[in-house]
């Protein structure tokens, strides 16, 4: 006769063996005209031929557990995802890909496999292939179907922008030479939450701190500052002059190269709440309200390249944003 304890152990083992593995996702794309809301866990849509070239952006919408991929402002993919469960919530904000590893294994959770890993933060948040039960179930990462993760991994590059939000956003492409136009700025108060500029110092430029890597520019009309990060390390900051009472809202721009007509091209990502902010001007001209020192502007232009991301907000910047942390703007919730 099998002892009760041993019998319980055998039953537990049998149940474990019988339990089906959580789905890793469909092997092929669903029809491109399929209603996104009807995608079942593990399903995705991918049509890279719609926009073969250009900078890429991924937008992760937490409430619907969906991720949208845009290339050159055109949506080329949608997928179901599984984000952070209770106690391990996926952080909202704007990120850039810091590291890519096809065969990564978790350093935090028992060497768990994380195929096609694309790192968003140095403390463990990433895009990767994983189980998709149909609800938030990860430790904070953004799980995607295996085949979709592979396609995204192969199409993306270091520095790709990833927006994680509770609100919907849609990229809009625009042509303008106005952004970062040469102007001057004087007398803007220091931001006490950041390292102060020296007396009489309107701007600072230290590109040697991070010679290479993806560039992110953060601008706050509230603090009257613009900060430049390369590979997550601050390489420059400057005072900016803002028209009294003007609030830029919260928005992002991604540099998309120069057109045949010589116009600088940006992809605009309006973010939650920007439509209702007071004294707003047209989306394509709002950035013209910001005055930046001419010499600093010239230096910033020297590091801008395809995929460079600009984050603009009327809110204050987070203290201690330098170093490897790149979660520089977080949406509510």
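For beta carbons closer than 7 Å, sequence separation of 6+ or different chains, a first residue in the stretch 51-64 that is under 19 Å from residue 144 (Cβ atoms) and assigned by TED's automatic domain parsing to the domain that holds residue 255 and a second that is in a strand (DSSP E or B) and modelled with pLDDT under 85, there are no qualifying pairs.
Return yes when residue 94 is buried (at least 22 other Cβ atoms within 10 Å of the Cβ), modelled with pLDDT under 85 and within 24 Å of residue 215 (Cβ to Cβ) and no when it is not. Criteria met by residue 94.
Hey, among the residues in the stretch 242-264 that are crowded, with 19+ Cβ neighbours inside 10 Å and outside any loop (DSSP other than H, G, I, E, B), which one's modelled with the lowest pLDDT? Ranking the candidates gives 250 first.
None of 124, 84, 73, 134 is touching a strand residue (DSSP E or B) at 6+ places or on another chain (Cβ under 8 Å) and more than 30 Å from residue 33 (Cβ to Cβ) except 84. Screening residue 31 on (1) at pLDDT 85 or above; (2) in a helix (DSSP H, G or I) shows it passes everything except condition (2).
If you check residue 150 against the conditions, is it farther than 27 Å from residue 255 by Cα, out of contact with any helix residue (DSSP H, G or I) (no Cβ under 9 Å at 6 or more places or on another chain) and surrounded by fewer than 21 Cβ atoms within 10 Å (Cβ to Cβ)? No: the conditions fail for residue 150. The criterion of being modelled with pLDDT of 75 or more and either touching a strand residue (DSSP E or B) at 6+ places or on another chain (Cβ under 9 Å) or not assigned by TED's automatic domain parsing to the domain that holds residue 98 (or both) holds for residue 204. Scanning the stretch 265-274 for residues that are more than 17 Å from the chain's Cα centre (by Cα), at pLDDT below 75 and surrounded by 17 or more Cβ atoms within 10 Å (Cβ to Cβ) yields one hit, 274. Cβ-Cβ contacts under 6 Å between residues 6 or more apart (or on different chains), taken from a first residue in the stretch 23-44 that is assigned by TED's automatic domain parsing to the domain that holds residue 148 to a second residue that is in a loop (DSSP other than H, G, I, E, B) and surrounded by fewer than 18 Cβ atoms within 10 Å (Cβ to Cβ), are listed as 32/47; 41/134; 42/23.
The values are calculated or read from the model by the stated rules, or taken from the named source; none is laboratory data. Remember, predicted model here, so these are calculated numbers, not experimental data. Note that each Cβ is placed from the backbone with ideal geometry, even for glycine, and that neighbours are counted across all protein chains shown.
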